[in-house]
Amino acid sequence: MYRIIASFAVLAGLSAAVWMVCRAALAAPPIPAAATIVADTAASSDPLASLHDGKYQFTGTLSCSAAACHGSVVPDNRASQYRTIARNEYYVWFDQDPHTRAGVTLYSARTEGILERLGWTRTHEKYQVCLDCHSPTAKVDADSTSFVSLEGVGCESCHGPAEQWRGEHYRNRSTALSHGMIDTKKLLVRGRLCADCHVGSPNREVNHDLIAAGHPMLKFELSAYMDMLPKHWNDAAERRQHQDFEVQLWAAGQIASADAALSVLEVRAKRVSENSPDAVWPEFAEYDCYACHHGLTAPSWRQTRGFAGRAPGMTPWGSWYFSMAERLGDGAELNSALTNLRAVMQASTQPDHAAISQHATAARQALATWMTSAASGDGLNVHRNDVGQLLSAIAAEKGGDEIEASDAVQNWDVATQVYLTLVALNQAHLNELEKAGKNPAAADQDLTKAIAALRDLLEFSAESDKQDGKPEWYDSPKDFTGTTGNPTDSSLPRESFRTQLLQMMPRLQERWE
C-alpha cells in the first residue's frame, strides 16, 4: 500500500522532532475564540472544551493501562474484524507513539538552547507555553523546578480528562461524551484536536520569537500525520465505514487547520486592538519565511519570480493552510473572505489589525457554513470526484509572465499541498479497490509512481548552500521556483511539476467519471 508518509518530513525540511513538537503559546490571558467550526452540528458547545475549561480532572494515563482495559501487551483479536479496540492501546502508545516522548523533549539540548535564547528558565511563567503541549497536565511551579509528566501527551490529552467518563465510556458512549470525553470518531473533531497543538489555537501558538529561537516551523497536514502515527485503534474499520476515507480525512484536516490558523491570526490582531502587553504586530510567523530568509544577490530569485500583484518589499502572507481550503465546496464565500484578508495582510508592513480581525472572523464563518453543509455522520460528504475536480481546476490555473496569485503552483507550499492531496486521492482509490477485493491495475501502479515523481521535484536541495557555508535548507525554495530570469522556463522544477500534474489529470479523471 502506498504510504502518505513518502518523505513528508524531508519535503518540509523538518527534523524528527516535529513528531514531539506541539505548538507553544504566548502567556496571554484567555481570549474567547470565534465559534469553533468543528463543533458537533447537534450541539453548540466546543467539542474540545473539556481539555481547557478545568471542569473535569485528569486521572493519568496509567488509569487506562490495566490489562483488562487498554494495557494488554498482546492485541485481542478474538472479536470480529469490526472491533474498534484491541485492548493493547496503552502498549502501542507507550512503545511506539512519539507523543509519549513529548515531555522528555523539553529536556533535550535543542530545548535548552531555545530557553537560553529566549532568556527563560523552567520556573519562568512563560515556560508554561512549552508545557501546554509537550506535557499538558503539568504546571509551572515558580518555587521549584517545574514538573514535567513523563507520559508526555497521554490518553487524556486527546480523549479528554477521564474523571467522570472513565467508568462509562465502555458502557454508554453518549453519557461519556456528555462528561468530557472527546468524540475522536468524528473526523472534523479529530482534525481540530490535532490542529489545537500542531497548528495553533487562541492561546496556543508558535510565534516568530519561538521559531527564531529554534522551534521548528509548523507545517501540519492531517492525512500525512495520521498515516505516520502508529495506530492504537482499528483504522481498517474506519476505512470500511467511510467511503473514500483518506479523502474525507484530508478534507477534515484542511478545514480544521485553516480554522485553527485563522483563529490564531484573529486573536493576534485583537491583542493589538486591545493594547494587550502580549501584542506583537506584525507577527512575522504569519508570513512566508523565505520572503526574508533568502539570498540578497542581484537579481535574486525572489525578484525574477515576480511579486504576484504585491509591491516589492511587501511580504506575502503564508499560503500553507489556505491554498486547498479556499477551493473546497462551492468556495465563493470563503474565497472572497480569504482574498480580502490576503489583500490587507500584504498591503503594508504595518497591516490594519482591525480589518484583519474582521476578515479572519468572516473567513471562519464561511468555513463553518461549508462544514455544516458537508458534515455527514462521523465523516464528511466529500469524495474522490469532488477533490478530483478541485485538482483539475488547479492544474488548469496558469499565471502570466510573473507568478500570479491565480497560479496554483505559485510556490513550494502550494505545490506540496497539491502533492499531499494527490496522495490522499490515490490512496482512497487503492483502498476502495482493496475493499472490493480487487488488485491495482498497471495504470494504478503507474499513477502511484507519477505521484512519487512529483515528490522528488519538491525535495529541498541543500548542497549548493552547504558549499557556501550557509545553514542547511537556507534559501531552498529557489530550487523549486528557479533563478533563470524566466519564471515560465519549462526546465524549472515548478514548471515540470505543472506539466506532470497536467499529464496525470486524464488518468485521474477516468476514476471519477
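The values are calculated or read from the model by the stated rules, or taken from the named source; none is laboratory data. Because the structure is predicted, anything quoted here is derived from the model rather than measured. Virtual Cβ from ideal backbone geometry, glycine too; neighbours counted across all protein chains shown. Heads up: the accessible areas ignore ligands, DNA and RNA and are worked out on the full protein's heavy atoms, side chains in. Shrake-Rupley method; radii C 1.70, N 1.55, O 1.52, S 1.80 Å.
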(message) Using amide H atoms built in the peptide plane, which far-off residues or other-chain residues are under 5 Å from residue 375 H to H?
(response) 381
(request) Using amide H atoms built 1.01 Å from N in the peptide plane, name the residues 5+ places from residue 287, or on other chains, whose amide H lies under 5 Å from its own. (result) 318
(request) Would you compute, for the Cα atoms of the stretch 258-301, the largest minus smallest coordinate along each principal axis and list the three values in descending order, in whole Å? (result) 42, 25, 11
(message) Probe radius 1.4 Å, ligands and nucleic acids left out: which of 158, 292 has the largest accessible area, and how do the rest follow?
(response) 292, 158
(request) Tell me the label-point distance for the pair residue 110, residue 63, using the 7 Å Cα-to-Cβ offset, in nm and rounded to one decimal. (result) 3.2
(request) Which order do the peptides 262-272, 373-383 take when ranked by the mean count of other beta-carbon atoms within 10 Å per residue, highest first? (result) 262-272, 373-383
(message) Filter 55/186; 126/185; 231/435; 186/219; 126/270 down to the pairs with a C-alpha to C-alpha distance above 25 Å, please.
(response) 126/185
(request) Treating only the Cβ atoms of Lys and Arg (+1) and Asp and Glu (-1) as charged, compute the dipole magnitude of the stretch 283-439 about its Cα centre; round to the nearest 20 debye. (result) 200
(message) Using alpha carbons only, how many angstrom separate the centre of the stretch 223-291 from the centre of the stretch 169-211?
(response) 11
